[in-house]
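The values are calculated or read from the model by the stated rules, or taken from the named source; none is laboratory data. The shown structure was predicted, so the numbers you read here are calculated from the model rather than taken from an experiment. Quick reminder, even Gly has a Cβ in these numbers, built from the backbone with ideal geometry, and neighbours come from all protein chains shown. In case anyone asks, the SASA skips ligands and DNA or RNA and just uses the protein heavy atoms, side chains included. Shrake-Rupley method; radii C 1.70, N 1.55, O 1.52, S 1.80 Å.
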Amino acid sequence: MKIQASDTSAADWSGDYLGIGFFEDSTDIETSLAQLNPHLEEVLQDLIRETEFKGKSGEQPWTRIAGQSPICKVMLIGLGAKETFTLESLRQAAASFAKTTQKQKAASAGLQLPLWNDEATASTQAMAEGIELALHQDHRFKSDPEVHQSGEYPQEISLLGVANQAEAIETAQQICAGVILTRELVAAPANVVTPSVLAETAAQIATEHGLTLEVLEREECEAQGMGAFLGVSLASDLPPKFIHLTYKPNGTPRRKLAIVGKGVTFDSGGLNLKVSGSGIETMKMDMAGSGATLGAAKAIGQLKPDVEVHFIVAAAENMISGHALHPGDILTASNGKTIEINNTDAEGRLTLADALVFAEKQEVDAIVDLATLTGACIVALGNDIAGMWTPEDSLAEELTQASEQAGEKFWRMPLEEKYFEGLKSPIADMKNTGPRPGGSITAALFLKQYVEKTPWAHLDVAGPVWTEKENGYLNVGATGFAVRTLVNWVMG
Ligand code: BES
Ligand code: MN
Ligand code: ZN
């Protein structure tokens, strides 16, 4: 599928399927209609009357155009009130139009939407993102070739009335290639995406986009004293992989950053085995933090900012066997801190502890970690919003801006030091699990013990990395959440 920007207007465009956006405001609808050719204006007047179209967001009536016409079908796209119009509205509008043209197997489509804030580049990028992400379908695990068919449509979409925006479209496509990689890593089952496959994926990104890769094997992790990470991997038949992918710009970097992702390719809970009803069958997605980390690496490798970025994943599988970590075991992390394991299902923080210590050794200006860390975060914020913890107001501000621009939702949560009492151990430096209340906060406080002085933020993405319902540019399954926020953060 090809996306192109074109200075042709809706009045002059010819092709299969035309989409035109309208604000919820009757004078806007009238003036927009008056700019169309008379034949089209008449058809649309009828459609507006018959469907009582008001321009509300979500309203999308369409009709076939009879007789000799340069256009076969036309759709009205409600954009809601002008005052609430954002880049995300553009993404959503473009996404639903693209999906309809796909379902109806249109060969060519033309889309005319107003610019947000008169910003042609940002608006074009947002529309292209909505289209790319909406049309992505994942049929890798279906044997029936017929299900692939609608994926061939539309063959091209023209963004009308936006000339000279090829670069914005290319940027969107580079970012979306990262998001789609993330979706495919997260959606793939644990017998497909193993720690080795995450390492191989990192190697592919390194080769394709000129990053450097270092993978530490078990012995090297032992030599670095990564006892917390290795403890998680003990019962798995699959070898752990500690992945360190680095993007370096030509010339002196403006900033150095680290992105650390939880890469538990399957979380059975360990000997504190997840019970039935706990969603154990969904735990292939417990590497979504690392999925977003690698997706961001793929995007950044193409966008080539003047920022050095370290992408770090301690990849392992949390399983059960005679080699398993016992509840009560004491592990020593690579910063020398000892951990009493009172619950083997709180494994993500163990892998992240050593990854954070490693990240700080890279002497970066800031570290952001992403993890499907706690069910408690989903209880607190629901499925659409990720939690953010950081002691650093300026980093919170940077990430909030990046996420708002991306249309991805985060909510800052408290790093309430007093709750660390819940992690006190009589025998070791700390336990790995606190009491049930405030479970996502004690998880964040645990991680904080492994960052000494570098500005750091923790993002608990357990909710939004997966969706059971199709919504806008999100299809059922892995959403690719956080890649676009990370990219904006690095580029900004
Ligand atoms: N991977 C889970 C968290 C999770 C749960 C992610 C549901 C997505 C959906 C994590 O490793 C875990 O098991 N956390 C425990 C922590 C508890 C033992 C303190 C949890 O949230 O129940
Ligand atoms: Mn767990
Ligand atoms: Zn987990």
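Total residues in region 66-95 satisfying the condition of being surrounded by 18 or more Cβ atoms within 10 Å (Cβ to Cβ) and modelled with pLDDT of 95 or more: the figure is 18. Selection of first residues in region 447-469 that are more than 21 Å from MET287 (Cα to Cα) and of second residues that are surrounded by 23 or more Cβ atoms within 10 Å (Cβ to Cβ), restricted to Cβ pairs under 6 Å at least 6 apart or on distinct chains, gives the following pairs, ordered by first then second residue: VAL451/LEU356; THR454/ILE367. Checking region 276-290 against the condition returns a match, with at least one residue being within 25 Å of ALA223 (Cβ to Cβ), in the same structural domain as GLY231 (by TED's automatic domain parsing) and more than 11 Å from ligand 3 (Cβ to nearest atom).
Give me a count of the residues in region 88-113 that are more than 26 Å from the chain's Cα centre (by Cα) and at negative phi.
Number satisfying all stated conditions: 7.
For VAL275, the test of being open to solvent by 30 Å² or more (accessible area, probe 1.4 Å), among the aliphatic types (A, V, I, L, M) and more than 14 Å from the chain's Cα centre (by Cα) is passed. Reported count of residues in region 314-347, each being within 15 Å of ligand 1 (Cβ to nearest atom), over 17 Å from MET283 (Cα atoms) and among the β-branched types (Val, Ile, Thr), is 2. Screening region 170-200 for residues that are over 30 Å from LYS241 (Cα atoms) and open to solvent by 10 Å² or more (accessible area, probe 1.4 Å) and picking the one that is farthest from the chain's Cα centre (by Cα) gives GLU170. None of LEU271, LEU213, LEU238 is touching a residue at least 60 places away in the same chain (Cβ under 8 Å) and touching a strand residue (DSSP E or B) at 6+ places or on another chain (Cβ under 8 Å) except LEU238. Look at GLY261 and say whether it is of a type outside the set (A, V, I, L, M, F, W, C) and open to solvent by less than 10 Å² (accessible area, probe 1.4 Å). So GLY261 fits the description; yes. Identify all residues within region 104-132 that are in a loop (DSSP other than H, G, I, E, B) and either open to solvent by 20 Å² or more (accessible area, probe 1.4 Å) or acidic (Asp, Glu) (or both); write none if there are none. Once the filter is applied, which keeps residues that are in a loop (DSSP other than H, G, I, E, B) and either open to solvent by 20 Å² or more (accessible area, probe 1.4 Å) or acidic (Asp, Glu) (or both), region 104-132 yields GLN104, LYS105, ALA107, PRO114, LEU115, TRP116, ASN117, ASP118, GLU119.
If you check GLY301, GLY269 for being within 16 Å of ligand 3 (Cβ to nearest atom), assigned by TED's automatic domain parsing to the domain that holds HIS323 and small (Gly, Ala, Ser), only one passes: GLY269. For region 32-87, the set of residues classified as of a type in the set (Lys, Arg) and more than 37 Å from the chain's Cα centre (by Cα) consists of ARG49 only.
Residues in region 371-382 that are away from ligand 3 (no atom under 13 Å from the Cβ) and buried (at least 24 other Cβ atoms within 10 Å of the Cβ): there are none. No other residue among LEU234, LEU211 is away from ligand 3 (no atom under 16 Å from the Cβ) and assigned by TED's automatic domain parsing to the domain that holds ASP329 apart from LEU211. Return a yes/no flag: does region 450-460 have any residue that is outside the structural domain of ALA95 (by TED's automatic domain parsing) and farther than 25 Å from GLY227 by Cα. Checked region 450-460: no residue is outside the structural domain of ALA95 (by TED's automatic domain parsing) and farther than 25 Å from GLY227 by Cα.
Count, please, the residues in region 404-422 that happen to be touching an Asp or Glu at 6+ places or on another chain (Cβ under 7 Å) and open to solvent by less than 100 Å² (accessible area, probe 1.4 Å).
1
The residue that is nearest to ALA203 (Cα to Cα), among those in region 346-363 that are surrounded by fewer than 20 Cβ atoms within 10 Å (Cβ to Cβ) and touching a residue at least 60 places away in the same chain (Cβ under 8 Å), is GLN362.
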